[in-house]
1. Give me a single rounded figure for A:156-166: the average over its residues of other chain Cβ atoms within 10 Å of their Cβ.
2. Which ordering of A:6, B:8, B:173 is given by a fewest-first count of other beta-carbon atoms within 10 Å?
3. As an exercise, use a Förster radius of 22 Å and the Cβ-Cβ distance of residue A:4 and residue B:177 to find the FRET efficiency, rounded to the nearest 0.05.
4. Peptide B:163-176: average number of partner chain Cβ atoms within 10 Å per residue?
5. Determine the shape class of region A:3-50: with a ≥ b ≥ c the square roots of the Cα gyration tensor eigenvalues, call it rounded for a/c under 1.5, and otherwise prolate if a/b is greater than b/c, oblate otherwise.
6. By average Cβ neighbour count within 10 Å, what is the ranking of B:26-39, A:162-175 from highest down?
7. Per residue of B:29-41, count partner chain C-beta atoms within 10 Å of its C-beta, then hand back the mean as an integer.
8. By counting other Cβ atoms within 10 Å of each Cβ, how are A:178, B:91 ranked from fewest to most?
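Bear in mind that the values in this text are calculations on the coordinates, not laboratory data. Keep in mind that what you see is a predicted model, and the values were worked out from it rather than measured. All Cβ positions, even for glycine, are placed from backbone atoms using ideal geometry, and neighbour counts span all protein chains on display.
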């Protein structure tokens, strides 16, 4: 069976599981099919609007949001635009990955900036940032890992931009915090400005 | 209802959901929950199963938002694809339609007065496009998408070679795409009440 011919049926969810699996394998190697699938999937999804839409029961919305919240009890949303003292405990469940989500609303620019710190089970970490403008010329953003009772350790430089994912150098020990400052181009060995972002203790 | 995110694009909401913003998930539900539920109900014809399918789909959005790639397609397509897949999986699991006939794909009656104007417009637009398709193509799309039938099941039930079913699906979706892109189909809506 020529997998190229299966794109429409796949977009309509009209393949048997083994056919779908074979098509997905093909898809990973065929740019043409990926493009065609994107188009046909959009059209298939338009069919969803072609049927009557009675209002779902009110409880469905609440049920979804409650279940969603229950799945991320280890996430602590914070509003944080200034230096904070340490000691904000995050109830981190014993899971492979700790996600520390921080959403910062900047009212003056009407833009939402968010920071998400993802710490793997091996304690390596990634900082995902969106809505952060590029660093001014001659400056760079610098991430810091600050272990408890110890001085900040440089953890990487990054230029900012609409969406950035920074893999932090080294590991993030327990009870450390991660901070971001603006530094002269090339970075510094110790922060020279106040952090504009500080994570809860990880 | 918190609508302070109302000005954000669907894709921006998915990005916020990936960062555990619960209000972003709520906003996505407020935008697509009704369409999602209507779709699931059409496929499953059972309120409880439809609710389950919608809930599972939105939780999948919540869990996998970080993996959504906006360059691959619209967020609404992604969400409704997840809903459809859940509904189709459920209907196949239940095997409830197997005892039934092909007319299962026909639309259940719903009081139009309850629908909001925007959804009514969208629905008319898609229905108009479907009416412009050759009967065989429309039948293949409706039975596959709303009925949850696989291409092999359709070939068997319609007594057609598999290749014919495949080309009807492909021809039907491609033609739908053209029809929906035509501005004319959008203006065919007239108020019915």
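1. 0
2. Going from sparsest to densest Cβ surroundings: B:8, A:6, B:173.
3. So, using R0 = 22 Å, E works out to roughly 0.80.
4. 5
5. Cα axes put region A:3-50 in the oblate bin.
6. Averaged packing, sorted descending, gives the order B:26-39, A:162-175.
7. For peptide B:29-41, the averaged partner shielding equals 5.
8. B:91, A:178
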